[in-house]
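Note sheet for the following structure.
The values are calculated or read from the model by the stated rules, or taken from the named source; none is laboratory data. What you see is a predicted model, and the numbers here were worked out from it, not measured in a lab. With ideal geometry, Cβ positions are generated from the backbone for all residues, glycine too; neighbour counts draw on all protein chains shown. Please note that ligands, DNA and RNA were not included when accessible areas were found on the heavy atoms of the full protein model with its side chains. Shrake-Rupley method; radii C 1.70, N 1.55, O 1.52, S 1.80 Å.
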Amino acid sequence: MFRSSGVYLGLKTCNYSTYWAVSGVMSSFSEPIEIELDSLLPLIANGDRKAFGRLYDLTSSKLFAVVRCVLKKPELAEEALQEAFIKVWQRAGSYEAGSLRPTAWLAAIARNQAIDLKRRFAERMSARAEELDAADSVPVMPEAELAMDLSRLKKCLALLPEDRQDMVLLAYYQGWTRDELAAQYKRPATTIKTLLRRSLTVLKDCLDG
Amino acid sequence: MARPDDMDELAAEFALGTLPPAEKQEAESLMARDAEFAGMVKAWERRLIPLALALEPVDAPPRIRGAVMKAIAGDAPGSETVVAWKRKASAWRLATVGASAIAASLAAFIFVGKPASPPSDQRYVAVLQAEGPGPAFLASIDLANGSISVRTVGAPSLPGKSYELWAVGGGRDKPQSLGVIDASFRIPASKLGKIDPAALNDTLFAVSLEPEGGSPTGQATGPVLFTGKLVATE
């Protein structure tokens, strides 16, 4: 159901909202995996490479989905994944149980790594449509199985006008900058900044309220 | 930037990833020296992360696993933060081995300072490292000897600039300067700050780039280049 201006070929993938029309098999992190990851991270902090390998096997496909959304070029996505896992190895000791769930902590590292890499290579999102089309689709999980917190976030996002939702999602999933959004929406970057911040404030009020 | 709302909006955009480079750098530096702001950023990451977790997994090419395992093969874990190095006679030798993994050549180990009345005999070590494979500092506090030491693992000496070491958090209202790391990567004992050992575990150490001689304001003014946490080495 991609909509309004309808130009975001990239959003056919890497956006949970497209998924509303999709049904399929989901594979999310289940609670046992979170628990196992919680037990692996202290081992990894102590240099246990076997534990690290296990963590890689449990999480790499999930983290690869995250970086693939930001980086359409496969070689960049692969580099980001590799760098993200090296960071996980280096930072395992700073993981604080109870602060973020392990999967969230890992996904944040992967996403930040991918966005850094995207900025560094200044990969333009003005990529040709066929390139975006050609990118493997990264569908999202069926709604029925979505975690509660995603359902809530989705409800809160729905409070925003559609173009604002898209801006937030393009930024989050695909790492679009203010300038890229400005070009896409034909608004000044300062306006985009204002719109983004207002939108995020709405989200926060809804989520925390 | 004074209003909490503005801070939170900056944190929100930082977490979303849309800040232009200069503002992003500002936010990063703010994160290192302002625990409240860092908390706001974390809260935003937490609010948004369900989106990332909603993605369907995509198998990565198998060669990535091999490349990752190879990359960490010679590397001590926790090089950014916490390294459980053993104490006693081997402590410094092991520390050197860990640091060697980061950079082949080391500046001479530099021993500085004698703060008064060491309250315990614990020893702490942290590697302060930038994002990526950049240069790093190794900082340690030995409460038994009452010493703080800093050495570089490759940070360049920059003309007209000084590196300044800060302690952040751990009950401090604002970052505390521990002194300027001079051109030969020492912290002169005369400039050395005092550390409250009780708060060490919650303290983040950071190195910022300042005008020559250190921050003119008493607070970090330049970009925060390196951060790390100390850990007791038993």
Report summary line: By residue number, the members of the range B:1-30 that are charged (D, E, K, R) and open to solvent by 20 Å² or more (accessible area, probe 1.4 Å) are B:Arg3, B:Asp5, B:Asp6, B:Asp8, B:Glu9, B:Glu23, B:Lys24, B:Glu26, B:Glu28
Query raised in the report: Is it the case that the range A:102-123 has a residue that's at pLDDT below 90, out of contact with any Leu (no Cβ under 8 Å at 6 or more places or on another chain) and hydrophobic (A, V, I, L, M, F, W, C)?
Result: yes
Report task. Being facing another protein chain (nearest Cβ under 7 Å) and either more than 21 Å from A:Pro188 (Cβ to Cβ) or open to solvent by less than 20 Å² (accessible area, probe 1.4 Å) (or both) narrows it down to one of B:Arg47, B:Arg33, so name that one. Result -> B:Arg47
Query raised in the report: Quick check, is B:Ala54 under 23 Å from A:Ser60 (Cβ atoms) and surrounded by fewer than 20 Cβ atoms within 10 Å (Cβ to Cβ)?
Result: no
Report summary line: Taking the range A:47-90 and keeping only residues that are without any contact (Cβ under 8 Å) to a residue 24 or more places away in the chain and either farther than 17 Å from B:Met69 by Cβ or not in a helix (DSSP H, G or I) (or both), one is left with A:Gly47, A:Asp48, A:Pro74, A:Glu75
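The rows are residues; the columns are (1) aliphatic (A, V, I, L, M); (2) crowded, with 23+ Cβ neighbours inside 10 Å.
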{"site": "A:Cys156", "(1), (2)": "no, no"}
{"site": "A:Leu159", "(1), (2)": "yes, no"}
{"site": "A:Gln165", "(1), (2)": "no, no"}
{"site": "A:Trp176", "(1), (2)": "no, yes"}
{"site": "A:Glu180", "(1), (2)": "no, no"}
{"site": "A:Tyr185", "(1), (2)": "no, no"}
{"site": "A:Pro188", "(1), (2)": "no, no"}
{"site": "A:Thr191", "(1), (2)": "no, no"}
{"site": "A:Leu195", "(1), (2)": "yes, no"}
Query raised in the report: Any chance the range B:10-30 includes a residue that's more than 12 Å from chain A (Cβ to nearest Cβ) and in contact (Cβ under 8 Å) with a residue 40 or more places away in the chain?
Result: yes
Query raised in the report: Any idea which residue in the range B:214-234 is nearest to B:Ala35 (Cα to Cα), counting only those that are open to solvent by less than 50 Å² (accessible area, probe 1.4 Å) and at pLDDT below 70?
Result: B:Leu230
Report task. With respect to A:Glu34, determine if the residue is more than 7 Å from every other protein chain (Cβ to nearest Cβ), part of a helix (DSSP H, G or I), acidic (Asp, Glu) and under 27 Å from A:Val168 (Cβ atoms). Result -> yes
Requested in this report: Would you list the helices (runs of 4 or more DSSP H) that sit entirely within the range A:136-209 and hold 3 or more residues that are modelled with pLDDT under 90 and within 9 Å of chain B (Cβ to nearest Cβ)?
Outcome: A:148-157
Query - Filtered residues of the range A:51-66 (kept if more than 10 Å from chain B (Cβ to nearest Cβ) and either open to solvent by 10 Å² or more (accessible area, probe 1.4 Å) or within 19 Å of B:Glu56 (Cβ to Cβ) (or both)) - result: A:Arg54, A:Leu58
